[in-house]
Amino acid sequence: MIACPNPTEEESIRDAHQSRGQFLARQERWSDLVDEIRKAEDTRRATPGLMAVADLLGYGARSDVVMAVEHALFDGRPAKGAPLLEGVQALEQILVDAEGDMILGAIVAQAHMDIAWFWRGTGWDSQIPKRNREAFEAHFDRARDILSPYRMHECSSPTLAAAKCGLYGAGKDTPDHLAADYEYLIDLDPSNPAPMRAMGNYLSPRWFGTYEKLELEARRTAARTHEIWGAGAYTWVMFDALSDDDTACENLDLEFFVEGLQDILDRRPHQYIVNLLAAYCANTIGSNLTGYDPADQTRTRIAGCADWIVRNHMTELHPLIWAHAATGFDNNLRIRSARGFAAAGRTEALRIIADLFRREIAQGNRIVFTADGPVAEHC
């Protein structure tokens, strides 16, 4: 038995901030939106699960536009005459009317990048149809033009810096430049793991980097943020880079990575983070054995961490996290049924948790998750 809140605290808080941004945009209260984003930036306000509130407000503000395009592209073939540009063009006019406000510029540019990723998906370049690739590149080019007047290193805005770093998704610059800009973004808000994960993903060879550069930047980030994360930043940078990559797993400093898992949970023991790390270890990594022994040994060790994470830290289950973990945390995954997706995550999580406690269950016990963690009770 384990509590399974629906929605979870984190989901409710994120939805509230996104809805606020969406409401202000629908009411065309753009100056209020910018003020609220700036205030959230100034205090580096975040949800309990460490999502930046400024990012949530900004996403809410552009969500109507980008979701309309996602709907039109749902099956990869937009209907003839589908309104794919009207919404983003309206946003661009608002930016003109606001005389190029930096925060609004970042929001409009990120809308273009969101739409670009809907066109492209996350497959290999060779798998992307020509039309989709051209649309991807066109939206990134427009985002780059919008952001060109703003200098991220001349201000302390994580919103602008995140938008500027997002441009690296088009792969039109060097890994050294990418790492330098992400370093600046991370240093602006070192408590936010999202930029660390994004940098690690882009520095993996399947995108734009090398294993040597990935390892170097993971260690440098851990050193700079040690007071906040201990070894945790090494783990955050490597988090997404390890998925489906035998060489990255083989080369990983495993002891440092596991130390990072422990340090993250010591410093941020919120149930969102607990579920995220447990699902990542058990599912994203643990269910992805490839038959290449040096890499699979690392994966098996990481998967084994799910046992102590669940036993020492878990008090409730967050099904959506487990569902996303099973897909490798694909941000561009198109979900036809949110309820079915969550149900699949819950089923998978309960299967994995039951396997972790198989010895206790075999002895006739049931596992009850209390506020202090799991307890074996004799049936």
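The values are calculated or read from the model by the stated rules, or taken from the named source; none is laboratory data. These numbers come from a predicted model, not from an experiment. As a convention, Cβ positions derive from the backbone with ideal geometry for all residues, glycine included, and neighbour counts pool all protein chains shown. In case anyone asks, the SASA skips ligands and DNA or RNA and just uses the protein heavy atoms, side chains included. Shrake-Rupley method; radii C 1.70, N 1.55, O 1.52, S 1.80 Å.
Rounded to whole Å and ordered largest first, report the semi-axes of the equivalent ellipsoid of the stretch 189-335 derived from its Cα gyration tensor (root of 5λ).
So the three semi-axes of the stretch 189-335 are 20, 19, 15 Å.
Once you've got the GNM for the chain with C-alpha springs shorter than 10 Å, pick whichever of Met238, Met113, Met67 has the biggest mean-square fluctuation.
Checking each option, the largest mean-square fluctuation is seen for Met67.
Based on C-alpha coordinates, I'd like the Rg and Dmax of the chain, in Å.
21.2, 70
Going from most exposed to least, what order do Phe23, Phe256 have by accessible area with a 1.4 Å probe?
So the residues, ranked largest to smallest area, are Phe23, Phe256.
Cα-Cα pairs above 11 Å in the stretch 199-238: how many percent?
55 percent
Hey, what angle do you get for helix 293-313 against the long axis of the chain, alpha-carbon based, 0 to 90 degrees rounded to 10?
So the inclination is approximately 80 degrees.
How many percent of the alpha carbon pairs in the stretch 250-336 exceed a separation of 16 Å?
Here the tail beyond 16 Å accounts for 54 percent of pairs.
Kindly provide the Kirkwood hydrodynamic radius of the stretch 103-193 in Å, to one decimal, from all pairs of distinct alpha carbon atoms.
This gives a value of 13.7 Å.
With an 8 Å Cα cut-off and a minimum separation of 6 or more residues, compute the relative contact order for the chain in percent.
13 percent
Report, please, the projected area of the stretch 282-379 averaged over directions, based on the convex hull of its C-alpha atoms, in nm².
Result: 7.6 nm².
Using the 2.2 N^0.38 Å rule of thumb for compact globular proteins, work out how the stretch 171-251 stacks up: its C-alpha Rg over that value, please.
The reported ratio for this selection is 0.98.
Could you size up the charge dipole of the chain around its Cα centre, putting +1 on the beta carbon of Lys and Arg and -1 on that of Asp and Glu, and report it in debye to the nearest 20?
920 debye
Take each of the peptides 315-321, 88-94, 280-286, 212-218, average the number of other beta-carbon atoms within 10 Å over its residues, and list them starting from the highest.
280-286, 315-321, 212-218, 88-94
Starting from the eigenvalues of the Cα gyration tensor, five times each then square-rooted, give me the equivalent ellipsoid semi-axes of the stretch 1-111, largest first, whole Å.
26, 22, 10
Apply the Debye scattering formula to the stretch 158-200, with a single equal point scatterer on each alpha-carbon and no solvent, then give log10 I(q)/I(0) at q = 0.23, 0.30 Å⁻¹.
For the stretch 158-200 at q = 0.23, 0.30 Å⁻¹, log10 I(q)/I(0) is -0.69, -1.16.
Per residue of the stretch 66-73, in order, report the coupling 6.51 cos²θ - 1.76 cosθ + 1.60 (Karplus, θ = phi - 60°) as ³J(HN,Hα) in whole Hz, putting x for Gly and Pro.
Karplus values, whole Hz, x for Gly and Pro: 6, 5, 5, 5, 4, 4, 5, 9.
Sort 52-60, 168-176, 306-314, 127-135 for me by packing, meaning the mean count of neighbouring Cβ atoms within 10 Å per residue, highest on top.
Peptide ranking by packing, descending: 52-60, 306-314, 168-176, 127-135.
When only alpha-carbon atoms are used, what values of Rg and Dmax, in angstrom, describe the stretch 294-350?
My reading of the Cα-based Rg and Dmax gives 13.3, 38 Å.
For every other residue with a beta carbon closer than 11 angstrom to the beta carbon of Ala278, add +1 if it is Lys or Arg and -1 if Asp or Glu, then tell me the sum.
That sum, taken over residues with Cβ under 11 Å, equals 0.
Among 289-302, 37-50, what's the highest-first ranking by average C-beta atoms within 10 angstrom per residue?
37-50, 289-302
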